Amino acid sequence: MASTKHGYHLDLEAVARIWRRGCIIRAALLEDIRGAFRVNRALPNLLLDPKLAKKIMTLQEGLRKVVSAASEWGIPAPGLMASLA
């Protein structure tokens with residue numbers, strides 16, 4: 001949205017590719033993100049991609065367990081908690 005609003009013209013598929021190769025975050029999920037933007041460059045929300053949405057729904061239970069454990073043990077995990085929300 002910010003890219004459109006400010007006229008940056010970002011290629012989000014390319015951004016995911018660059019992150020996958022050169023960032024500390026080399027998660028395989030970035031390949032799924034690339035695929036989603038390859039199919040629909042104007043995708044307004046990654047959860048609207050059917051393949052990615054299915055994968056997120058499948059993995060959601062594990063994230064819930066991690067967030068729950070962090071909360072029970074008093075470990076701050078705001079990024080994980082925000083992702084779950």
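Going through (i) -0.85, -0.92; (ii) -0.60, -0.68; (iii) -0.75, -0.81, the figure that equals log10 I(q)/I(0) by the Debye sum over Cα atoms at q = 0.17, 0.18 Å⁻¹ as computed for the structure here is (i).
Taken about its Cα centre, the chain carries a charge dipole of roughly 240 debye when the Cβ of each Lys and Arg holds +1 and the Cβ of each Asp and Glu holds -1. Inter-label distance, Leu46 to His6: 2.0 nm, where each label sits 7 Å from its Cα along the C-beta direction. Helix 12-22 axis versus longest C-alpha principal axis of the chain: approximately 60°, rounded to the nearest ten.
None of the figures in this text is laboratory data; all of them are computed from the coordinates on show. Predicted model, so just to flag it, every value in this text is computed and none were measured. Glycine also receives a Cβ, built like all others from the backbone with ideal geometry; neighbour counts cover every protein chain displayed.
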